[in-house]
């Protein structure tokens, strides 16, 4: 293939830079993806994620984001785990962190490689282009499907016949007219594994997600106290949730991540909940330096940890919980009260309430303590 039709060169260069899959799509999603987004937003399924609505027109149509775009190159990076990502769910004293967040923030790695590829393309073909990794209003999964990289499964995530569920995505919008690859067909068939495994029933129907019930949304995007009825269902998942990804039968073709920066750090494979609950802001930042978890902030992170401790059934962790009852952050104090209510005997909890509540002024935390005993 010549420079007049440079797909093969671009693909070879992308793979040489470390990407695992490459696909080409027109800078046109058609109306289906935009209509699905409009329906999702109209039903309020995005929860607190107001940013989804703020630039929804650009999100639904690539040319609305950059009118000069003619083609989209979709790049994928495999982050397949070496071990069963759900194994720690059976260890209530340990934390379960989503596979994608167990080492370096993938945005940094993928964006660096996208820029390298973009510079090479600009020099090679004299073209204008823009690179995107998740943070821009780009509907990555529909574009990846259109580019033949994979298809959106019933859990709304991308599935690849070669890599299963474990792909990070990035895009290059360019002004080159590149022949599109055939779109990938849906290969889910009658399988419902991803829908049935969801702990919180976050899928009202196949191919539809209610983010307000999704543990990934609740532990990462939601800023306040999590709805009380959902907390017991979270188990020890403190950052994200991989259940629907991990059970997909297409993972029989998945491969371990070959990129060292995407392989799990030992400290984040199965960290102890008690250790995580004790983190102050400085220790939190040190543990999660260059990690996606760092963007969450210490307070929401410890909130999640305390919910997990409350679900552990281990009364031996009550001293750890008690230490957070007077935390500076109200969301942490509230989570500590809930955890204590789950672990302590009723009379012991009532005694703690009598000691703590007179000094408590935050109404949200006051509600966690509940009504005064008769």
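Miscellaneous remarks
- Principal-axis tilt of helix 32-42 within the chain, Cα atoms, nearest 10 degrees: 20
- Globularity index of segment 175-250, i.e. its alpha-carbon radius of gyration over 2.2 N^0.38 Å: 1.43
- Each Cα pair under 8 Å and six or more residues apart adds its separation to the average, and for the chain the resulting relative contact order is 20 percent.
- Radius, Kirkwood style, for segment 74-114 when every pair of distinct Cα atoms is counted (Å): 12.1
- With respect to the chain, whose longest principal axis is taken over its alpha-carbon atoms, helix 7-17 is tilted by about 40°.
- Each Cα pair under 8 Å and six or more residues apart adds its separation to the average, and for segment 165-239 the resulting relative contact order is 20 percent.
- Estimated from the Cβ-Cβ distance and a Förster radius of 56 angstrom, the FRET efficiency linking residue 175 and residue 285 is about 0.85.
- For segment 272-374, the relative contact order comes to 24 percent (Cα pairs under 8 Å, sequence separation of at least 6).
- Two-decimal Rg/Rh across the chain, once Rg and the Kirkwood Rh are taken from alpha-carbon atoms: 1.02
- The spread of Cα positions in segment 272-374, taken along each principal axis and listed from longest to shortest, comes to 50, 28, 15 Å.
- Alpha carbon centroid spacing (whole Å) that separates segment 148-204 from segment 241-264: 14
- Value of D in µm² per second that Stokes-Einstein yields for segment 209-304, Kirkwood Rh from Cα pairs, at 20 °C (1.002 mPa s): 142
- With the helix formula -39500 (n - 2.57) applied to DSSP H stretches of n ≥ 4, the chain reaches a computed 222 nm mean residue ellipticity of -10500 deg cm²/dmol.
- FRET efficiency, residue 347 to residue 197 (Cβ-Cβ, R0 30 Å, nearest 0.05): 0.20
Each value in this text was obtained by applying a stated rule to the coordinates, not by laboratory testing. As the structure is a computational prediction, the values presented were derived from the model and not from experiment. Note that we place each Cβ from the backbone using ideal geometry, even for glycine, and neighbour counts take in every protein chain shown.
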